[in-house]
Amino acid sequence: MSVTSNEFESPTINTFAEFSQCADYSLMNSLQADPQAAEDGCDHHPRQVFSGHYVPVTPTAIPAPEYIAHSKTLFNELGLSHELAHDEQFRRLFTGDMNVARAPMRPVGWATGYALSIYGTEYIQQCPFGTGNGYGDGRAISVFEGLFKDSRWEMQLKGGGPTPYCRGADGRAVLRSSVREFLAQDYMQALGVPTSRSLTLYVSRSESVRRPWYSQNSRSIDPDILADNFAAITTRVAPSFLRVGQLELFARRARSNAHEGALNELHMLVKHLIERNYQQEIDPSLAFSDQVVELAYLFRGRLTSLVANWIRVGYCQGNFNSDNCAAGGFTLDYGPFGFCELFDPRFQPWTGGGDHFSFLNQPVAAEANYQMFWTAIRPLLLDSPVALSRLDQVREGFAEAMSKEIECMWAKKLGLLSYNAALVNELLQLMVVSKVDYTIFFRKLSHIPEQLTSLKQSFYMPSSGEIETRWGSWLQRWRDCITSCSDLKLTSAAMKRSNPKYTWREWLIAPAYINAEQGDYSLIKELQTVFNNPYDEQSSEMETKYHRLKPKKFFNAGGVSHYSCSS
């Protein structure tokens, strides 16, 4: 008898009771809790955490939560019924109420500590105790870990209330930042860029929090008002939320002999990282020292590929510290991020950032984070000189591996069979001089035009005769490269798969969260639809609205062209 593939698919999870049966807590089962933590998770005031991999903590529920949106893509992937997003118990869990937990679920969530390095320099100033023992998940609380279709996922509330790492803050997230993170994660997934994922987005109209932000039509660099915002919770999902900064924290403790079990805690954490994020690629029968070397090699590959993908789609992380660098090699933090519109190698939307985290400096920033990763895992191999030497060789090869990924990325964006440094470098210079829109330009180029006319539709300013002559020369040399050895139709199609048509434009996102404050979520739904298909041709209405140059009035506009991390 023939059997269709549908008969092998996991049944849809229709009820909260069915959802709860997916619970499987590998982190809490295999790692150590802070021995000073309260078992009931009532641990909401800033304090130092000296040891243990996590602190059991209950989130603080937002009152009268209201549904805004859920990720249909992720729900389908997990096998969840879309009706679950409206289920009372499901909504209560993902708005911070652990009272709905039922076995085998745990009645508490957990928060983790980590260290901070900025561009390869260790910092402890952000820790309120000046020791580094109070820095970590201040408002991110994981509430569920489970198996869905044989894949492990961890679910974490952003804005779930204070933890011991809250540094005196309220642990909340505002609606604005929650909408941005919710939309951005789905968008990056659709772009094919490894990322944490969005599950649900809920808001409370009964609780508001005050944050610095920008007044209407502000041209200020820094926020110029204090604004009341509705509290919201978005749930982000990933195979794990282990960060380079976590490895750093335990390595620092091991180096300083902070306590007797410090090195063992580092060993346990790295072992857990391998099991959570690299299980399919690292042979568990290998000696642990060999597994660590393989981990370093695989993470290097993931990190270099990730950053190349960021540049491919115009994404700038903005605050690429080690604590915002996922050890699983995917995009983690969606706070001060942005997407490049007017092409500028130094594009940096975050007012608290600088050139070191700017758009085309991201490969160098990634190497700084990899340096901290390498430094963190070296103590585990001090008794294995052969493995240590191999690990050091992997570290030494980072710059070359990064360069290869970047070169391959530019070749694909340009439809070239191999990287052409002269062609790419001149193109980047012309893009700067002509002030092109990054996304529109490459999408227009994907049609392989014979003349400059269509490309000029991506320019923010008229070009001079001299510049147009340079463009004409470049265009001819580029066409000569791709027409000599490839089918232009196939090349064009491949370029369109590398160069999205629709990008994140902050001036089109702002109305969505502004309207959401008034209870109108229609623009959020519309953006979900547009962002789910960023490479496709969409309706003429969507093209007119979302595939266009940034209006002049939004240049240098506070909260649009630049913004603080007031989330």
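What is the sum of charges around Cys22, taking Lys and Arg as +1, Asp and Glu as -1, for the other residues whose C-beta is under 15 Å from the C-beta of Cys22? Within the 15 Å Cβ shell, the charges total -3. Each of Leu263, Ile448, Leu199 was scored by the projection of its Cα onto the charge dipole of the chain, and the greatest displacement toward the positive side belongs to Ile448; charges sit on the C-beta of Lys, Arg, Asp and Glu.
Counting only C-alpha contacts under 8 Å and six or more residues apart, can you give the relative contact order of the chain as a whole percent?
14
For Gly558, the residues 5 or more places off, or on other chains, whose built amide H falls under 5 Å of its own are Ser218, Arg219, Ser220. In the chain, helical runs assigned H by DSSP with n ≥ 4 each contribute -39500 (n - 2.57); averaged across all residues and rounded to the nearest 500, the mean residue ellipticity at 222 nm is -12000 deg cm²/dmol. Each residue of segment 416-485 gets 83 Å³ once the volume of the Cα convex hull is shared out per residue. Under the combined filter of DSSP loop state and at most 14 neighbouring Cβ atoms within 10 Å, segment 458-567 retains these GluC sites (Glu not before Pro): Glu537.
If you look at the Cα atoms of the chain, you get an Rg and a Dmax of 24.1, 73 Å.
Distance between the C-alpha centres of segment 468-529 and segment 298-376: 21 Å, rounded to the whole angstrom. Peptides 291-297, 256-262, 414-420, ordered by how many other C-beta atoms sit within 10 Å of their residues on average, highest first, read 291-297, 414-420, 256-262.
Neighbours of Glu248 by Cβ distance under 13 Å: Lys/Arg scored +1, Asp/Glu scored -1, total +2. Computed from Cα atoms, the angle from the helix 398-413 axis to the main principal axis of the chain rounds to 50 degrees. Sequence-ordered 3J(HN,Hα) estimates for segment 508-522 from the Karplus curve with 6.51, -1.76 and 1.60 and θ = phi - 60° stand at 9, 7, 3, x, 5, 7, 5, 5, 4, 4, 8, x, 9, 9, 5 Hz, glycine and proline given as x. Simple point charges give the picture: +1 on the Cβ of Lys and Arg, -1 on the Cβ of Asp and Glu, and for segment 247-409 a dipole about the Cα centre of about 140 debye. Averaging the sequence gap over all C-alpha pairs within less than 8 Å and six or more residues apart, then dividing by the number of residues, gives segment 332-451 a relative contact order of 27 percent.
Cβ crowding within 10 Å ranks Tyr214, Tyr25 as Tyr25, Tyr214, fewest other Cβ atoms first. A simple count of charges around Leu226, restricted to other residues whose Cβ falls under 10 Å of its Cβ and scoring Lys, Arg +1 and Asp, Glu -1, yields 0. Computed from backbone phi, the HN-Hα couplings of segment 536-548 come to 8, 6, 10, 4, 4, 5, 5, 5, 4, 7, 10, 10, 8 Hz, rounded to whole numbers (Karplus: 6.51 cos²θ - 1.76 cosθ + 1.60, θ = phi - 60°; Gly and Pro given as x). On the principal axes of its alpha-carbon atoms, segment 247-409 has extents of 51, 34, 25 Å, going from largest to smallest. With Cα atoms defining each centre, segment 18-96 and segment 180-241 are spaced 18 Å apart in the structure. In this structure the amide hydrogen of Ser208, modeled in the peptide plane, comes within under 5 Å of the amide hydrogens of Ala231, none closer than 5 places in sequence on its chain. Less than 5 angstrom separates the built amide H of Tyr135 from those of Tyr114, all sequence-distant by 5 or more or on a different chain. Fully extending the segment from Asn257 to Lys552, taken as 0.36 nm per residue of separation minus the present Cα-Cα distance, adds 100.6 nm. For segment 202-208, putting each phi into the Karplus relation 6.51 cos²θ - 1.76 cosθ + 1.60 with θ = phi - 60° gives couplings of 10, 10, 10, 9, 9, 10, 10 Hz, in residue order, rounded to whole numbers and with x for Gly and Pro.
Going from the residue with the fewest nearby Cβ atoms within 10 Å to the one with the most, Lys501, Lys489, Lys158 rank Lys489, Lys501, Lys158. If you model segment 5-241 as an ellipsoid using its alpha carbon gyration tensor, with each semi-axis the square root of five times an eigenvalue, the axes come out at 29, 23, 18 Å, biggest first.
Just so you know, all these numbers are worked out from the coordinates, no wet-lab data involved. All values reported here derive from a predicted model rather than from experimental measurement. FYI the Cβ positions are ideal-geometry reconstructions off the backbone, even for glycines, and counts take in every protein chain you see.
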